[in-house]
1. Quick test of your reading of the structure: B:GLU131 fulfils all but one of (1) modelled with pLDDT of 95 or more; (2) closer than 21 Å to B:LYS178 by Cβ. Name the failing condition by number.
2. Filtering the stretch B:71-108 down to residues that are of a type in the set (A, V, I, L, M) and more than 12 Å from chain A (Cβ to nearest Cβ), which residue is surrounded by the fewest Cβ atoms within 10 Å (Cβ to Cβ)?
3. Taking the options A:ASP560, A:ASP583, name whichever one is surrounded by fewer than 20 Cβ atoms within 10 Å (Cβ to Cβ) and touching a residue at least 24 places away in the same chain (Cβ under 8 Å).
4. Can you pull out every residue in the stretch A:441-463 that is surrounded by fewer than 16 Cβ atoms within 10 Å (Cβ to Cβ) and either assigned to a loop (DSSP other than H, G, I, E, B) or touching a Ser or Thr at 6+ places or on another chain (Cβ under 6 Å) (or both)?
5. Looking at A:GLU601, A:GLU585 in this structure, which one is assigned by TED's automatic domain parsing to the domain that holds A:ASP725 and at negative phi?
6. Here are some residues: B:SER121, B:SER102. Which one is within 19 Å of A:ALA192 (Cα to Cα) and more than 19 Å from the chain's Cα centre (by Cα)?
7. Test of understanding: among A:LEU330, A:LEU274, A:LEU314, A:LEU285, which residue is closer than 27 Å to A:PHE224 by Cα and among the hydrophobic types (A, V, I, L, M, F, W, C)?
8. For the stretch B:77-135, give me each residue that is over 24 Å from A:ASP101 (Cβ atoms), in a loop (DSSP other than H, G, I, E, B) and touching a residue at least 24 places away in the same chain (Cβ under 8 Å).
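The values are calculated or read from the model by the stated rules, or taken from the named source; none is laboratory data. Computed from a predicted structure; not experimentally measured. Cβ: placed from backbone, ideal geometry, glycine included. Neighbour counts: every protein chain shown.
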Amino acid sequence: MKSYLFTCIIALLTTFQYAQAQTVTGLDGFSIFLDPGHSETENMGLYNYSEPEKVLRVGLALRDMLLTQTDIDTVYMSRTSDSQQVPLTQRDDLANATGADFYHSIHSNAGSNTQNNTLFLYGGWRSNGQTVEKTPNGGKDMGDIMETELTDAMRIPTIGNWADRNFYQGSNVENHSNQYPYLFVNRTTNMASVLSEAGFHTNSIQQQRNLNADWKRLEAQSFFWSILEYLGVERPPVGIAAGYITNADGAKTLNGINVQVGDTTYVTDSYESLFHKYSSESDELSNGFYYLDGLENGPTQLIVSGEGFYPDTLDINVIEDDFTFTDVALVSSVPPFVATTSVGEDNEINPGEDLIIEFSRSMNRSSVENALSLSPGADFSLTWTSNKKLIISTASFDFESSYTLKIDSTALDNSSYAHSLDGNGDGSQGDSFTLTFATGPVDIIPPAISDIRPTNTRLNELWPIISATFDEPLDTTLFDENTVDLSNSGYSVPGEIVYYNVGDRSVINFFPSERLAKSKNYTLTFSKSISDTVGNSLGSDVARTFPTGDQDIKNETVVDDFESGLTGTWWTPEQSGSTEGYDPEFTSVEIDNNIVNLFSESTGAMRINYGWDTDETSHLIREYRGSKTTPKFGTDRILQVYVFGDGNGNKFRFMVRDGNGELEGSTWYTVDWLGWKLVTWNMAEDETVAWANGNGTLNGNLYLDSFQLTYTPGQPATGFILFDDLKAVEMGLATSTEESPVAADIPEEIELKQNYPNPFNPTTNISFGLPQKSRVALKVFDMLGREVATVYNGVKTQGFHTVSFDASNLSSGVYLYRIETDFGVISKKMTLLK
Amino acid sequence: MMKISSTLFLLSILSLQLSVFTATAQPVPQGEPTKIIEEPDMVFMNPSWSPDGEKIAITSARYQGLWITDENGQNLRKVTDEEAGFGFSWSSDSESILTRVSEYQNRRRKLAVKIFHTDGSADQITEYRDEMPALPTWADFDQQVVLINEGEVEAFDSQKEVPAAMKQKTRQPFYVLKTDQIAKGMVPENSTENISPFQDATYLNLQVSPDGRKLAFEVYGGNLYVMNIDGTGLMDLGKANRPKWAPDSKYIVAMVTEDDGHNITKSDLYALSVDGTNRINLTSSTDLIAMNPDWSPNGQQILFDTSQDGAIYVLNIAY
């Protein structure tokens, strides 16, 4: 067993004998340490293919190129197999012991599905306003070369070659507090070094390319050329034709396409040849990538063919000093047909709902519109969201009627072949499409209200989010200051209403703009005028009374307010090896700038989109907080976070790592609510659950490890959840001075204060007070009475407010500012002095 | 399943050892670690006590330079700016430090063996070479320096004299790492004997116990081990790195790290009994990412570094 375990390791330090004649000289006396990052299947990427698996193969291909094509002295490697588990300290100890001349750490990046770029990090930091490279120098030069070569090879954007501390801790500083490299491999290697990040293994397009064996050779080839250039050695001639084969209609990359140059052929990956290892769906994955090596240089023909497409032949010139990239878009020979419609199995559609027709390929819009007819006739409009997708409005359709939609065979596709419609979908063009459907009855049912929060039990918080859920979308144009009323002894608490549509349902959240008084009874009323989109209203007010408690936050430790984004902290779900039973297509993490906690004036919340593989038996998404071990907090704190739920009934929980390094979690919270809700884990009183190495007991100081999500069988398999303002808080008796609004803060009548500063240049502040919630228009006029600016136009709560006015566009002079409210109008003068 | 036979073998050794061992006092950390060496804009690392316990040698990030302080961290003085801080070792008289240095020419590193003396002088032992994939080792009571070159022993005169206390002793073997071996050697024969416990493994961070009877080492991609100098008595001490011996040769201090592939996210120092019975976390009460420990010759203190602030810390130890 031991000898088997270590069999692969001997290869690490072996100086390989060259298997074929070397063509490149000038690398004698040079040795390099290649470090394929991570181990085993850590940092899992999409499709269950990990970063370490990919970068190992890039490293091995690069090693082989150096050894077989050059006179390099030695190539060392930190790993040569997928089964080795090598910590960072051993990698650097081994590299330092070898005395190698250069250290190249090979990685790929992780983030959202939309990110994909190259990045290079050499050891460096800011000192006296300058960026300093670590000694020995060389990492920056190599990074500059690799940035060009790898980026050109991958044909994706780059975010550059950075001094590592500048990248992670900002470059716009005079001095970094730590005057040494940020990354371990740069900090503790005693040779020149660079770390490369070749695209994102969390980007679906990139990761489908990463699956291809020759894609890794392409990356290695660019590193090979980079090393030659770094040493001032000319690259040997090559003959490499590469590119992507796509469907001209929609640009989807194509599987199983033959690509030929002379006698050399390549077949793009297919489900049968490769993708069955990474997906159970035969049409999920494709990359369209081809890589023909060993070609003769000079003009030749690239012949591309595949089933269901017209073959194409292109003249190319295979160059000797770089890749010869040629992308080919093949035209489908399959005539267009109607792929889907929005009419369900019940064959019914409600007037007002969109009737959506989706074609199999891009269509000539006017030919479709001319070919389309409806019987019996009704008014409708047509909207194309793409050349494939047509939306037919049904607002004018009669209720409880039968209609037949016909698209004649004169509808044509957009290709140069102009195929006519295959209406019956038999594979032959030239027949019409017919869809018969019924319309439903008129909607006379008012929206149903449910899950009103707070409930009628005593509140533990004095800043509650008011919430009510509805079973259908609402008409928001009818919302006004009476839609939600929260009052105590006749005093209505000011606040802000937000409304969200989630699927077929909707939710109203009301954020009070002042703390509620302690130990009082409040009445919450949702107005009878709340209506659905076709005018059915609640009909009567829905009221609830609840008592407030006397506790408020005394101390708080902000763990993350998500105002600084996720980069460098929160991993993507698939990066954690613990994440399982999920569907990568629907799973991602991102910052949401629209759905945020209004209490903290937040501008961003962390949104996790999830999808579960319901065929699996174990389901876990671990949203890991990366290497952040701060802030620490005690076991006497309450961990709290504002959670926006999708109401799908799946679950989440908190996970912390305690002073013994053990992972301990809260119990699961079932997300059966829609909208925002404060969720708390009282770690001193609530149950603690062991996970991984945990024991169910919280010891010492804690830090947040992760949020975890899991699936509830039978519930929807896809959805989302948002987290904002994660804190560890200590509660205590609310102070009386902070209780109800101070009378002096609410004017008896409208007030407009003198602007400050005055005179001003170019900005000033204008304050005003309102006795009640009111519409407000604050406008500026010149002395001739001409309106020159609207400073604010909207609704404000009772009390005092301040708005800022920027007069950059105005010339010096005296101006009039005027506030118009429900309670009257007031004007004052101000002086702009530029 | 194939592991059973070797495990049984180890268990039998363990039981033999337990039967002859007397109880050993257990090292216990005393209080919080305190900073002992700190300089603005400097990151120090890899502290190493001199054998007489009167000096501390340190290097900085990238193993650049060597510095020496008194045993209390005071009187910091630079020995060299050269890249000399990886794999250095004190002479037994605490007057010299043996190391490998390098300089770049035309993108290539030239490496040489040097001895730096605490009086500020230095001796270059070898010429600068294109390749030197090994670290130098003291041999023959420090009179010689040996270096593995293409699998063979090269020996050099260190120009140091045998300490008086050593003159009556028998010849002293040296222990070195070869490409895939732990080797025991002798000068002037310049011969080596393979005493590796595993075939086809790569070894790191070989440390000889103060009593000269045991070796501690890491297996690359594997665990930390100790064994007798004849290759017998192998003991697996689990995941731990960069071992250093306690003066009683019964404990090792090493670091247990976690990393995310880019940086160390957690590291604690552990005292590991060489019989495998004790594994004591010495830094559980601190949030410091404690690395690169070294046990003082009197056993009372452990030095370590942390990249968090670039300072050298000392942790007091009681028994």
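1. (1)
2. Per the criteria, the residue is B:LEU76.
3. After ruling out the rest, the residue left standing is A:ASP583.
4. Listed by number, the residues that qualify are A:PRO441, A:VAL442, A:ILE444, A:ILE445, A:ALA448, A:SER450, A:THR455, A:ASN456, A:THR457, A:ARG458, A:TRP463.
5. A:GLU585
6. B:SER102
7. Answer to the selection: A:LEU274.
8. B:SER91, B:SER92, B:ASP93, B:SER94, B:GLU95, B:THR118, B:ASP119, B:GLY120
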